[in-house]
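The values are calculated or read from the model by the stated rules, or taken from the named source; none is laboratory data. The shown structure was predicted, so the numbers you read here are calculated from the model rather than taken from an experiment. In this analysis, Cβ positions are derived from the backbone assuming ideal geometry, glycine residues included, and neighbour counts consider all displayed protein chains. With ligands, DNA and RNA removed, areas are computed over all heavy atoms of the protein, side chains included. Shrake-Rupley method; radii C 1.70, N 1.55, O 1.52, S 1.80 Å.
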Amino acid sequence: MGSIPDPGDEFAESTHPPPQPSFDEFQRTASLMTSCTLLWKELSDHFSSLEQDLKNKSDALNHKLQTLDAQTKQSLQVLEHREDTINAAVSVALQKVKEQKEAALNDAVVFGEVDNDEGLLLKLRRFCLKMDSEGFWRFVAERKKELDSIRAQMSAALADCVDPARFVLEAISEVFPVDKRGDKSNDLGWACVLILESLIPAVVDPIMGGSRLLVTPRMRARAREIAETWKRSLDERGGIENVKTPDVHTFLQHLVSFGIVKKEDVELYRKLVVASAWRKQMPKLALSLGLGDKMPDMIEELISRGQQVDAVHFTYEVGLEDKFPPVPLLKAFLKDAKKAANSILEDPNNSGRAAQLASRKEQSALRAVIKCIEEYKLEAEFPPESLKKRLEQLEKTKVEKKRPAAAPANKRTRANNGGPMPPAKAGRSTNAYVSSFPAAPTYVRSPSHTQYPMGVPSYPSSPVMYGSRSPPTHPYAYSPESAPPTFAVSYPVAQVNYSPYGGYGNGVAPAYQHAYY
């Protein structure tokens, strides 16, 4: 018989703890938990990133939709406004036609020759009403002296044309885009610019203003072809640097007047504007050509080229006076002009006319700076009194040089006693007259005696110029208070004082006294 199990043994087994896992098993479990945690975090970050990207794209799409809706709404409003203005524009056009008809009838009945502005307007309107572009061009080209009066009346006259854009293109076609005249000595770029500038008020929409130019698509396409023809001719003319400034000005004004500026040609426009920056209309033209964001670079380029006065004009046009202070630029310009004048005096190739050329250079710089100071109200920062005094001294010296000499015109003298010789044709001339009195001998100044004119100061030998911030005694280099002494040379018969170009102290009088103007 089998033995009966002891209940105590079963109780002992049930209360005995299970065996503990090993350390390796614990490490494997911990590693697995770490891997799962990292994987979960990576998946969580990935899904969060996807969710954020979707949200950003959704927001961007919503923004684009809102912008598109706003632009569509604005475009519809503009179209509705343009549609609403059609009736008004038609009414204006009908009224204009009526006025032109009445003006044409009155012109056919009586046309008086009046010399005032009203008469000038009547003459211009007569050409415009008849669409006589050739006669209009000849009339304007022959009256450069009446430029201001013609400018004041031309826009009103062009408004009477049936098609002002076509009329202007035909009027200037003789010289733009290619000069077709045989004799090109007379530059008529000023007339082209004047007519193109006057076209803008004539083609502006009377209801919508400058946002809509009343130029037909056909005339606009023709204007584009003319512009392309001019650009192709640049290479034939030797590039941008060799094109005449009036031609450049006409081309740029042509683009603005017909509204055919191209974004891809902005760099070409920039180069043309910089090359002709001295024209007073160039700063405004630059903005009309879409060069507003390039103006700082253009101003810096002008400064580097020594065109500080032009840079000041561009600076004020775009309101960059804080970035490019005008007074230091003007002083630097005068300093450069002084250096250029000294270079002219030292150049042996300018013998005989160096003083006049240097004086012209300095006078031109002084006038430009004084005008700039007055135009932009810079008197408080840069008082122009000393500059004006220096300019008066230079002009006075020029006037003195142009006075006729006191010696007789006929300088042919006898070799024995210094008496005057008879004129070469005295025997054949009924008006020949020979004085019986001996003439005063003519003396030639010795180069070793350096003389100075009265009241004209010499330039300081120190490097103090216009732009000096710390002058020793006077705020500017020109100091009329201190003049060098005047020396006189004694001769056997008479004392003669010569007046070479004062202020430079070179002691050499110019060979002739002609003015270079």
**Request:** List the number of the failed condition for Pro17; all other conditions in (1) assigned to a helix (DSSP H, G or I); (2) open to solvent by 80 Å² or more (accessible area, probe 1.4 Å); (3) modelled with pLDDT under 85 hold.
**Result:** (1)
**Message:** For the range 146-160: of the residues being among the hydrophobic types (A, V, I, L, M, F, W, C) and over 26 Å from the mean Cα position of the chain (by Cα), which is surrounded by the most Cβ atoms within 10 Å (Cβ to Cβ)?
**Reply:** Leu158
**Subset of the range 302-338 [in contact (Cβ under 8 Å) with a residue 12 or more places away in the chain, in a helix (DSSP H, G or I) and over 20 Å from Glu374 (Cβ atoms)]** = Leu302, Ile303, Val318, Lys335, Asp336, Lys338
**Message:** When the residues of the range 250-259 are narrowed to those that are aliphatic (A, V, I, L, M) and open to solvent by less than 10 Å² (accessible area, probe 1.4 Å), which ends up farthest from Val318 (Cα to Cα)?
**Reply:** Leu255
**Request:** Could you grab the pairs with beta carbons closer than 8 Å, sequence gap of 6+ or different chains, first residue in the range 380-393 and in a helix (DSSP H, G or I), second one surrounded by fewer than 19 Cβ atoms within 10 Å (Cβ to Cβ) and of a type in the set (Val, Ile, Thr)?
**Result:** Leu387/Ile370; Lys388/Ile370; Leu391/Ile370
**Prompt:** Can you name the residue in the range 269-324 that is of a type in the set (Asp, Glu) and under 16 Å from Tyr376 (Cβ atoms) and is also most open to solvent (accessible area, probe 1.4 Å) among such residues?
**Reply:** Asp322
**Message:** So Leu252 passes all but one of these: (1) at pLDDT below 95; (2) among the hydrophobic types (A, V, I, L, M, F, W, C); (3) within 28 Å of Lys180 (Cα to Cα). Which condition number does it fail?
**Reply:** (1)
**Message:** Residues to consider are Asp247, Asp187, Asp163, Asp205; find the one that is surrounded by 18 or more Cβ atoms within 10 Å (Cβ to Cβ), in contact (Cβ under 8 Å) with a residue 24 or more places away in the chain and charged (D, E, K, R).
**Reply:** Asp247
**Prompt:** Can you name every residue in the range 166-184 that is open to solvent by less than 60 Å² (accessible area, probe 1.4 Å) and not polar (S, T, N, Q)?
**Reply:** Phe167, Val168, Leu169, Glu170, Ala171, Ile172, Val175, Phe176, Pro177, Asp179, Arg181
